[in-house]
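Worksheet for the structure shown next.
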Amino acid sequence: MENLLVAANWKMHKTLQEAEEFAEDIKAAKAKASLLIFPPSPYLARLSALLEGTSVEVGAQNMHAEEKGAFTGEISAAMVKSCGASRVLLGHSERRQHFGETNASINGKVKAALKHGLKAMLCIGETSSERESGRTMDVLRAQLEECLGGVSAKEAGRITIAYEPVWAIGTGKTATPQQAQEAHAFIRKTLSGLFGKEYSKTRILYGGSVTPENAASLFREKDVDGALVGGASLDVGKFLKIGNAG
Ligand code: 13P
């Protein structure tokens, strides 16, 4: 198994100057995990340039499925790549909740990202009412099948999954290591069913109120391959502690 991957999703936070300071600090530091930053898109080119030659990757938080056109305010896969970024985060629950993204529209974005050679990190996860009504695994299966429909087994090698239970995002209510492990094992089994046995190696990150205090217990679980961190990733010290927790 590869080493852990710890990713920062800054959402709509930080000025360019603050982002540059974070990048300089991270360049000077060491982490056991591979690190990845999803900054706001205006900073992609600058952060990619600052972190060139390091092992820290940079990715976009979102992109449009179309190649180009009259889509004011949107960015395409080719634009993300041309900024030096290697990854894109897709299907975050905040995109689903506030911007009307659906499994079908996310599927279009996943296919466009892979076509342009980007690595796609697909976010999936159940709401609290879905969990309480015992539908968690059905929801996860449908999200995987629908968001990854039409993706070839070869392209699937560039997919990473982030399991982010919606009820755990920004709430301080982290999933227990057992809840995370159970979901991750199910996701791994579903991916193998969709793409073949070798996809059991796909990295599956946990996201939702990850902190320096709870990261190690999550990372001890067999199928937790890293973390997608929101709030705690805004502070370089906290982010590095999570990157060294495994
Ligand atoms: P928090 O770590 O703030 O709960 O956010 C998680 C998240 O949404 C990462 O994508």
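The values are calculated or read from the model by the stated rules, or taken from the named source; none is laboratory data. This is a predicted model, so every value here is computed, not measured. Cβ atoms come from the backbone with ideal geometry, glycine included; neighbour counts cover every protein chain shown.
Consider only pairs whose beta carbons are under 6 Å apart and that are at least six residues apart or on different chains; among these, list those whose first residue lies in segment 40-68 and is within 15 Å of MET12 (Cα to Cα) and surrounded by 22 or more Cβ atoms within 10 Å (Cβ to Cβ) and whose second residue is among the hydroxyl-bearing types (Ser, Thr, Tyr) and at pLDDT 95 or above.
ALA60/SER41
For the list (1) at pLDDT below 95; (2) within 16 Å of the ligand (Cβ to nearest atom), I need the number of the one condition that ILE124 fails.
The one condition ILE124 does not meet is (1).
Cβ-Cβ below 6 Å, separation at least six or inter-chain, first residue in segment 136-156 and closer than 20 Å to ALA185 by Cα, second assigned to a loop (DSSP other than H, G, I, E, B): which pairs?
Within 6 Å, the pairs are THR136/GLU126; VAL139/GLU126; CYS147/GLY91; ALA153/GLY196.
Just need a number here: residues in segment 219-242 that are within 12 Å of the ligand (Cβ to nearest atom), out of contact with any Asp or Glu (no Cβ under 8 Å at 6 or more places or on another chain) and among the aliphatic types (A, V, I, L, M).
Result for segment 219-242: 5.
When segment 75-102 is examined, which residues are found to be away from the ligand (no atom under 16 Å from the Cβ), in a helix (DSSP H, G or I) and not basic (Lys, Arg)? Spell out how you get there, then give the answer.
Here is the first cut: in segment 75-102, the residues away from the ligand (no atom under 16 Å from the Cβ) are 75-86, 100, 102.
Subset that is in a helix (DSSP H, G or I): 77-82.
Across segment 75-102, the qualifying residues are ALA77, ALA78, MET79, VAL80, SER82.
Just give me the residues in segment 205-218 being within 14 Å of the ligand (Cβ to nearest atom) and over 15 Å from TRP167 (Cβ atoms), in sequence order. Steps first, please.
Our first condition is that a residue be within 14 Å of the ligand (Cβ to nearest atom); within segment 205-218, this holds for 205-215, 218.
If the condition is that a residue be within 14 Å of the ligand (Cβ to nearest atom) and over 15 Å from TRP167 (Cβ atoms), then LEU205, THR211, PRO212, GLU213, ASN214, ALA215, LEU218 are the ones that fit.
Inspect all residues belonging to segment 163-175 and state whether any of them is crowded, with 21+ Cβ neighbours inside 10 Å, closer than 24 Å to ASN103 by Cβ, of a type in the set (Ser, Thr, Tyr) and within 16 Å of the ligand (Cβ to nearest atom).
So far as segment 163-175 goes, yes, one or more of its residues are crowded, with 21+ Cβ neighbours inside 10 Å, closer than 24 Å to ASN103 by Cβ, of a type in the set (Ser, Thr, Tyr) and within 16 Å of the ligand (Cβ to nearest atom).
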